[in-house]
Amino acid sequence: MLRALIATAACAGTAGTAFAGGIDRAGQRVDILYKDGNYAEASVAYTTPDVTGVDVPSPLPSRYRYDNVADDFTSYGFGIKFDVNDRLTIALTGAEDFGSDIVYSGNPATSMLGSTSAIADTYSTTLMARYKLTDNFSLHGGVRRDVADGTITLGGLAYGRVNGYKVRLSEDDGYGYLIGGAYEIPDIAFRLGVTYNSKIRHDFKTTETLSGASLGKSDRTSVDTPQSVNIDFQTGIAPDTLLFANIRWAEWSEFKIEPEKFNSVTGTGLVTLEDSTTYTIGIARRFNERFAASASFLYEPEQSDDLVSPLAPTNGFTALAVGASYRVENIEFSGGVRYTWIGDARPETGTPDTARASFTGNDAVSIGFKIGYYF
């Protein structure tokens, strides 16, 4: 009976992890491995952020205001899962693991960060399997393929001699793996699972320009997406009621973008991020055979230093999410809405780090929808 709530526990998360770690979007979940029977799903999530800020006090005659720095974005996902036998399960999933849609308005000659932008997408396809050693213990693992590309532009007086720099990272695919295990008590829907996701290296063909003039092509720019660990917990706490939680750690401090020409001029890279840990806790409740709902609270602590990369102008978040599912025979419809309070941050450049803008009071709204089919 409580097993039917496992899908609902994730409904509130259908809207995604939009701002975890700055550019973490899907959370690299393995929930589909625990679905009952053969199953397929398709999902879509839409996020509309309100990220605004102003130039910090400077010699400029006015403090330029940056509106809508983070563009709206849509994420698509899919999954299909088969039970080979009563012990072995395989699944194929796809999701946009990481992404960035940052664009600063303003004239680069009269504002600190005007025309700075970071547009990047990483779509992951994962083939994974789960093997039940006993009714209580199971192992899972798989192979992940990421396809990524991106374009970064540095604009504004804050960038000095590299104001007008642009780098294009051509599409590249990279491979990594995941491995983990779980302990379950099926009668009470208890599960404690741990999953490790390896880093994935991309070697991008690179084109660099400065104010439109070519700086030449590089053979490659190597970029590692972060390794991460997910800890998932759930348990029945009353008839038709499930408590669930998740902790996700990602090693963003090892995420470096250092194009050859840019690095030779500045001696540094384009992006500096800090490791992130995101916490989720929630409750799911089944009201009848068809309808269930969930509510959850998400939290990512702000870093001790609010100086951040202009290409990821956020610093932690707090969020509330609600979700619901409705099943008609073999088809399950689910959806979720999430409201996120984004932590205050000060984008910086230079050595030593110098704040160039201040971002306060920002938020985001995410809406997600998923349709699943049991066969």
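The values are calculated or read from the model by the stated rules, or taken from the named source; none is laboratory data. Bear in mind that the values here come from a model prediction, so they are computed numbers and not experimental data. Neighbour counts are summed over all protein chains in view; Cβ atoms, including those assigned to glycine, are modelled from backbone coordinates with ideal geometry.
Please enumerate the residues belonging to the stretch 237-249 that are among the small types (Gly, Ala, Ser) and modelled with pLDDT under 95.
Kept after step one, since they are among the small types (Gly, Ala, Ser), are these residues of the stretch 237-249: 238, 245.
The one that is among the small types (Gly, Ala, Ser) and modelled with pLDDT under 95: 238.
In the stretch 290-306, is there at least one residue being crowded, with 23+ Cβ neighbours inside 10 Å, within 17 Å of residue 367 (Cα to Cα) and free of Cβ contacts under 8 Å to residues at least 40 places away in the same chain?
The answer is no, given that none of the residues of the stretch 290-306 is crowded, with 23+ Cβ neighbours inside 10 Å, within 17 Å of residue 367 (Cα to Cα) and free of Cβ contacts under 8 Å to residues at least 40 places away in the same chain.
Pull out all pairs, ordered by first then second residue, where Cβ-Cβ is under 9 Å, the residues are six or more apart or on different chains, the first lies in the stretch 341-370 and is in contact (Cβ under 8 Å) with a residue 60 or more places away in the chain and under 25 Å from residue 163 (Cβ atoms), and the second is crowded, with 23+ Cβ neighbours inside 10 Å and of a type in the set (D, E, K, R).
Qualifying pairs under 9 Å: 346/356; 347/356; 349/356; 350/356; 356/55; 357/55; 358/55.
Please specify each residue of the stretch 41-80 satisfying the condition of being in contact with a strand residue (DSSP E or B) (Cβ under 8 Å, 6 or more places away or on another chain), outside any strand (DSSP E or B) and surrounded by 15 or more Cβ atoms within 10 Å (Cβ to Cβ).
51, 52, 56, 63, 64, 69, 71
Of all residues being in contact with a Pro (Cβ under 7 Å, 6 or more places away or on another chain) and of a type outside the set (Asp, Glu) in the stretch 201-221, which is farthest from residue 116 (Cα to Cα)? Just the residue, please.
Restricting to residues being in contact with a Pro (Cβ under 7 Å, 6 or more places away or on another chain) and of a type outside the set (Asp, Glu), the top hit is 218.
Go through the stretch 124-152 and count every residue that is closer than 30 Å to residue 266 by Cα and either touching a Gly at 6+ places or on another chain (Cβ under 6 Å) or crowded, with 20+ Cβ neighbours inside 10 Å (or both).
So the answer is 4.
Taking only the stretch 169-190 into account, find how many residues are exposed (fewer than 14 other Cβ atoms within 10 Å of the Cβ), acidic (Asp, Glu) and closer than 21 Å to residue 240 by Cα.
Residues that pass the stated criteria total 1.
For residues that are under 24 Å from residue 99 (Cβ atoms) and of a type in the set (Asp, Glu), scanning just the stretch 265-295, find the one that is modelled with the highest pLDDT.
Here the residue is 275.
I'd like the residue in the stretch 319-375 that is out of contact with any helix residue (DSSP H, G or I) (no Cβ under 7 Å at 6 or more places or on another chain) and basic (Lys, Arg) and, out of all such residues, is surrounded by the most Cβ atoms within 10 Å (Cβ to Cβ).
This residue is 346.
Could you look through the stretch 65-93, keep only residues that are farther than 30 Å from residue 103 by Cα and basic (Lys, Arg), and pick out the one that is nearest to the chain's Cα centre (by Cα)?
The qualifying residue nearest to the chain's Cα centre (by Cα) is 81.
With the requirement that a residue be charged (D, E, K, R) and not in a loop (DSSP other than H, G, I, E, B), what does the stretch 22-37 give you?
Step one: list which residues in the stretch 22-37 are charged (D, E, K, R), which gives 24-25, 29, 31, 35-36.
24, 31 - these are the residues of the stretch 22-37 that are charged (D, E, K, R) and not in a loop (DSSP other than H, G, I, E, B).
Let me spell it out: the conditions are (1) crowded, with 22+ Cβ neighbours inside 10 Å; (2) modelled with pLDDT under 95, and residue 121 meets all of them except one. Which number is the exception?
(1)
Please pick out the residue among 284, 245, 250 that is within 19 Å of residue 326 (Cα to Cα) and in contact with a Ser or Thr (Cβ under 9 Å, 6 or more places away or on another chain). Give the steps one after another, and end with the answer.
Numbers: 245 fails: within 19 Å of residue 326 (Cα to Cα); 250 fails: within 19 Å of residue 326 (Cα to Cα).
Exactly one residue qualifies, and that residue is 284.
May I ask you to list the residues in the stretch 228-255 that are out of contact with any Leu (no Cβ under 8 Å at 6 or more places or on another chain), surrounded by 16 or more Cβ atoms within 10 Å (Cβ to Cβ) and not β-branched (Val, Ile, Thr)?
Of everything in the stretch 228-255, those that are out of contact with any Leu (no Cβ under 8 Å at 6 or more places or on another chain), surrounded by 16 or more Cβ atoms within 10 Å (Cβ to Cβ) and not β-branched (Val, Ile, Thr) turn out to be 228, 230, 243, 244, 245, 246, 248, 249, 250, 251.
Quick one: would you say residue 213 is surrounded by 15 or more Cβ atoms within 10 Å (Cβ to Cβ) and either small (Gly, Ala, Ser) or touching a strand residue (DSSP E or B) at 6+ places or on another chain (Cβ under 8 Å) (or both)? Break it down stepwise before answering.
Working: surrounded by 15 or more Cβ atoms within 10 Å (Cβ to Cβ): no; either small (Gly, Ala, Ser) or touching a strand residue (DSSP E or B) at 6+ places or on another chain (Cβ under 8 Å) (or both): yes.
Criteria not met by residue 213.
For the stretch 208-239, how many residues are under 26 Å from the mean Cα position of the chain (by Cα), within 22 Å of residue 173 (Cβ to Cβ) and in a strand (DSSP E or B)? Before you say what the answer is, go through the steps one by one.
Here is the first cut: in the stretch 208-239, the residues under 26 Å from the mean Cα position of the chain (by Cα) are 220-235.
Pick out the ones that are also within 22 Å of residue 173 (Cβ to Cβ) and you get 220-228.
From the residues that got through so far, the ones that are in a strand (DSSP E or B) too are 220-225, 228.
The qualifying residues number 7.
Can you tell me which residues in the stretch 296-311 are modelled with pLDDT under 90 and of a type in the set (A, V, I, L, M)?
Within the stretch 296-311, no residue meets the criteria.
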